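Only one structure is covered here, and it is reproduced in the block below.
The values are calculated or read from the model by the stated rules, or taken from the named source; none is laboratory data. Only a predicted model underlies this, so the values are computations on that prediction, with no experimental measurement involved. Reconstructed Cβ throughout: ideal geometry from the backbone, glycine too, with neighbour counts over all protein chains shown.
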Amino acid sequence: MDARRIQSLFGLEGKRAVVTGGSRGVGYMIADGLLDAGCEVIISARKVEQVVAAADRLAEKGTCVAVPCDLSTDEGIAHLTDEIKSRWDSLDLLFNNAGASWGEPLETFSTVGWDKVMNVNVRTPFFLTQSLLPLLKAAATPDSPARVVNTASVNGLTPPEMDTFSYSSSKAGVIMLTRHLGKQLASDHITVNAIAPGPFDSNMMRFALDDPTARAAIASEVPLGRIGQADDIAGVAVYLASRAASYVTGVVIPVAGGLSTVAK
């Protein structure tokens, strides 16, 4: 396979992408990979200083714009939509990555922890996709579908050891939402897929991975024996965004070193 064909299959030159939760962790890894492949990227996150700083770093590779907003609110979704529409008349790629987690024993698990996580992890991707649907349809063609890629989790596929009941339930919900939207939007030439990460260096995992002993213990449970790296996420994100995946929809790809194959 020659270099021109590889570029044709996996290059994203001129594509426009939005990555929510793009200021750090998995979202930053996705945005970084998309820029390397040739995309223009808008990243959003709730904390102004963090998202602006992240966009400044990413802009060294290509066009990257920060839009600070709180996507847990209808106002935040409307603000991000308006900002995208002010710059672009179509949208090729939407990465619904913003997420939240909560850990608490079953006996005391709070309604606050349940509602917050379900809102950010399930409600937000649905209503942001709905809000951006006209722009996605404007970019979509039979040969080059627009893409929606949701960030699920390996914890939505297999029950975790931690008391993160709303998180695992919400990520299982993201998986079904991905399949449902994949079926619904296929006739509009929009594919909908999901990435299900395992342990990566992210804010959600910092409480465990910053401790060398805990990090080693978590890595030892992964069949491939290590914590995920940025290229592991970026490679799958670029694939799902590329022409190589134009006939793939409703699929969930675990990026977890084999954790999804292990039954506890």
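Structural remarks
- Condition check for GLN50 on (1) surrounded by 18 or more Cβ atoms within 10 Å (Cβ to Cβ); (2) in a helix (DSSP H, G or I): one failure, at (1).
- Index of the failed condition, SER86 passing every other in (1) in contact (Cβ under 8 Å) with a residue 12 or more places away in the chain; (2) in a helix (DSSP H, G or I): (1)
- Checklist (1) farther than 28 Å from GLU107 by Cα; (2) surrounded by fewer than 24 Cβ atoms within 10 Å (Cβ to Cβ) applied to GLY173, failing item: (1)
- Among residues of segment 98-115, those that are of a type in the set (Val, Ile, Thr) and in a loop (DSSP other than H, G, I, E, B), counted: 1
- THR20 meets each of the listed conditions (1) of a type outside the set (Asp, Glu); (2) at pLDDT 95 or above; (3) out of contact with any Pro (no Cβ under 9 Å at 6 or more places or on another chain) apart from (3).
- Any chance SER110 is of a type in the set (Ser, Thr, Tyr) and closer than 23 Å to HIS180 by Cα: no
- Selected residue (criterion: farthest from the chain's Cα centre (by Cα)) from residues of segment 64-89 that are surrounded by 15 or more Cβ atoms within 10 Å (Cβ to Cβ) and among the hydroxyl-bearing types (Ser, Thr, Tyr): THR81
- Selection count, segment 131-147, where residues are more than 17 Å from ASP70 (Cα to Cα) and assigned to a helix (DSSP H, G or I): 7
- Qualifying residues in segment 1-18 (those that are outside any helix (DSSP H, G or I) and touching a residue at least 60 places away in the same chain (Cβ under 8 Å)) - the one farthest from the chain's Cα centre (by Cα): GLY11
- Considering segment 113-149, and only residues there that are surrounded by fewer than 22 Cβ atoms within 10 Å (Cβ to Cβ) and among the polar types (S, T, N, Q), the residue that is farthest from the chain's Cα centre (by Cα) turns out to be THR141.
- Residues (among the charged types (D, E, K, R) and touching a Leu at 6+ places or on another chain (Cβ under 9 Å)) located in segment 1-35: LYS15, ARG16, ASP32
- Residue check, SER166 more than 30 Å from PRO142 (Cα to Cα) and part of a helix (DSSP H, G or I): yes
- Verdict on SER153 being among the polar types (S, T, N, Q), crowded, with 23+ Cβ neighbours inside 10 Å and within 25 Å of PRO68 (Cα to Cα): yes
- Pick from segment 221-264, criterion more than 27 Å from GLY14 (Cα to Cα) and of a type in the set (S, T, N, Q), ranking: surrounded by the fewest Cβ atoms within 10 Å (Cβ to Cβ): THR261
- Candidates are the residues of segment 19-38 that are more than 10 Å from the chain's Cα centre (by Cα) and outside any helix (DSSP H, G or I); the one that is surrounded by the fewest Cβ atoms within 10 Å (Cβ to Cβ) is GLY38.
- Residue within segment 160-175 that is under 21 Å from TYR247 (Cβ atoms), in contact with a helix residue (DSSP H, G or I) (Cβ under 8 Å, 6 or more places away or on another chain) and modelled with pLDDT of 95 or more present: yes
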